[in-house]
């Protein structure tokens, strides 16, 4: 979600009133270039055949339209917003939109980089009451702190939930709610993005979710993909899979067996699917 573009200043050359023969090569001084702006503002938009967040289906296998804005300063500080459609059955009763607001500081030191910040996941129109057994309809949110490091084409990022992870409470081995907080849930993300040249790139990712106080909540997800840049439009194809407990036909606790829809009263559709099942994701995106 974070993109950086370099701003290039172009200065126009004004010719004076002196005749050409009155100026020598030594007399004609090049105009000073304007200093580069310390501010960078970019926008991004993308269409995806499916939206997978940490390997888990967010759109019931349907397409997602995504996009956002990023502002960064030369000092390293940045803020941004990113948005996508989602389905209520993915854990956001009555909601169909995800809005992410984030900010932090990142800097590079040769081949190395560091990134620290915070992010708020917000789902307008949703209600967390049905998820945690409360009355009322507070909006589903998730707040995380993160720290990351990179070296050349490799990056490692650790995210930590400071309150109940996406408004959920603990689940015991019988699948019953314990009321225990899921704050402290964390996610470790190791990614690689390698430029092959001529607009081609390959990428890979493996992540591990540690879901606090949720039985069978921990899982690993992974992805491998390829991209091609067509004059700024990036087309991608990726294979995404997990070992998350999402079977809807087996016994035991399967937290990632997702309903197609859930309303603000907690009524779930009878249609359900494995939210962590393997899939291929086709995408086209662009940064401006």
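Here, each number is a calculation from the coordinates, and none is a lab measurement. This structure is a prediction, so every number in the text was calculated from the model and none was measured. No Cβ is skipped: glycine too gets one built from the backbone with ideal geometry, and neighbour counts run over all protein chains shown.
Would you mind computing, in nm to one decimal, how far apart the modelled labels at residue 97 and residue 208 are, each placed 7 Å from Cα along Cα→Cβ?
3.8
Can you compute the helix-only [θ] at 222 nm over the chain? Use -39500 (n - 2.57) per DSSP H run of at least 4 residues, normalise by all residues, nearest 500 deg cm²/dmol.
0 deg cm²/dmol
Mind sorting 73, 39 by how few other Cβ atoms lie within 10 Å of their own Cβ, fewest first?
39, 73
Ranking 69, 230 by Cβ neighbours within 10 Å, fewest first, what do you get?
The most exposed by this proxy come first: 230, 69.
What relative contact order, as a whole-number percentage, does the chain give when Cα pairs under 8 Å and 6 or more residues apart are counted?
15
On a C-alpha basis, how far is the centre of the stretch 172-240 from the centre of the stretch 70-116 in Å? Whole number, if you could?
15
First measure r as the distance between the Cβ atoms of residue 42 and residue 264, then evaluate 1/(1 + (r/R0)^6) with R0 = 30 Å and state the FRET efficiency to the nearest 0.05.
0.25
For an R0 of 51 angstrom, estimate the FRET efficiency from the Cβ-Cβ distance between residue 278 and residue 34 and round to the nearest 0.05.
Efficiency at R0 = 51 Å is approximately 0.50.
What FRET efficiency comes out for residue 62 versus residue 107 if R0 is 35 angstrom and r is the Cβ-Cβ distance? Round to the nearest 0.05.
Efficiency at R0 = 35 Å is approximately 0.35.
So how far apart, in nm, are the two label points at residue 138 and residue 190 if each is 7 Å from Cα heading toward Cβ?
For the pair residue 138/residue 190, the computed spacing is 3.6 nm.
Please give, to one decimal in nm, the separation of the simple spin-label points placed at residue 75 and residue 241, each 7 Å out from Cα toward the Cβ.
4.7
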